[in-house]
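A short write-up of the structure that comes next.
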Amino acid sequence: MKIDLHIHSRNGSDGHWGVEEIFAEASRRGIDLISITDHDSISAQGDAVRLAQDYGMAYITGIELNVTHAHRHYKGGKGVSLDFLGYRIDLSYVPLLNKLEELRNHRQVRADMIMTNINEEFRREGIREFTRDDMAAIQSTVEGAMGRPHIARYMVEKGIVADRQEAFDRYLVRCDVPKMPLSLEEASELVHACGGKLILAHPNDPNGTSLVAFSRVLEEQQTIIEETMLEYIDGIECWHSRHDDASIRSYLRFAKDRGLMVTGGSDCHQNPVMMGTLDIPAYVAGQFGF
């Protein structure tokens, strides 16, 4: 059984492909169980449910929520960004829909503020500033929520930077504006109230929003989970495209010892296309009744 429970689409967040392309490729790769987990968005879920039926795949509704989380012994008690996956969510649950609308509106405000900061950097460097036409051009490529990856992609297209990493290194980190804070408590309440399961995403991802922001030591990461998260989460994403074997083994032991669910996914944004490349055991599907 081939499983991938962490894929992003252009329809809902910062994937490069729409859900139609994703399911066509997933079918070609023989994926049996799949979930689209866009950032703070469920706009792709209706199409995903339909396409899964068309292709004869098992499907789990999903979302990836960005949470601000703190621990008193790390970072001076200041919050850091972490990602949590919500599975089996009720797509009609009004409080969740209202919160996602609030987050989406703030994303646009945040994007405008980031663009203002970028233009300040451009003025200092003698680069032509972004105009409303540039903003409209970026927005035209976004079907879901606009974010920094869309701005980075546009910078590459315009030849301002060589690649997305340079865009972040030179501009998007320095010019960032805080996201609208969502607490773990609120995320947990929303997901559980609509019948879902909440999973800590990619805890040891060295390049993403993860517990690495607190510590690179696995035992310390797991102490943070033990002390501040267990009452709110149902499981941990153990298999991830940027988890090494030691991380997978350690988090599998940790989850088993505490009776937590374990999940896995490629976190595929289609650049490159990684979906279905992880060896995720069939018992992961069994946790969801498949």
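Cα-Cα over 27 Å: which of Lys78/Lys99; Lys99/Lys197; Lys75/Lys179; Lys78/Lys256; Lys2/Lys197?
Lys78/Lys256
Hey, fewest Cβ within 10 Å first, where do Phe84, Phe214, Phe290 land in order?
Exposure proxy ranking, most exposed first: Phe290, Phe214, Phe84.
In percent, what relative contact order does region 1-108 have, based on Cα pairs under 8 Å that are 6 or more apart in sequence?
Relative contact order of region 1-108: 22 percent.
Neighbour counts of other C-beta atoms within 10 Å: give me Trp17, Trp239 arranged from fewest to most.
Fewest to most other Cβ atoms nearby, the residues stand as Trp17, Trp239.
With a 10 Å Cβ neighbour count serving as the proxy for reagent exposure, in which order, fewest first, do Ile31, Ile127, Ile7 appear?
Ile127, Ile31, Ile7
For Asp176 and Gln287, calculate 0.36 nm times their separation in residues minus their Cα-Cα distance, and state this gained length in nm to one decimal.
Residue separation times 0.36 nm, minus the Cα-Cα distance, leaves 36.1 nm.
Across every pair of different alpha-carbon atoms, what Kirkwood hydrodynamic radius in Å does region 100-172 reach?
12.6 Å
What is the gain in length, in nm to one decimal, between Arg104 and Arg123 on full extension, counting 0.36 nm per residue of separation less the C-alpha to C-alpha distance?
3.9 nm
Which peptide among 112-123, 179-190 comes first, and what is the full order, when sorted by highest mean count of other Cβ atoms within 10 Å?
179-190, 112-123
Which whole-number percent gives the relative contact order of the chain, counting Cα pairs below 8 Å spaced six or more residues apart?
23 percent
Can you give the Kirkwood hydrodynamic radius of the chain from its Cα pairs, in Å with one decimal?
19.6 Å is the Kirkwood radius here.
Within 10 Å of each candidate Cβ there may be at most 16 other Cβ atoms; applying that plus a DSSP loop requirement, which trypsin sites (Lys or Arg not before Pro) in region 1-101 survive?
Arg29, Arg72, Lys78, Arg88
No value in this document is a laboratory result; all are computed from the given coordinates. Here the structure is a predicted model, which means the values were calculated and not measured. Quick reminder, even Gly has a Cβ in these numbers, built from the backbone with ideal geometry, and neighbours come from all protein chains shown.
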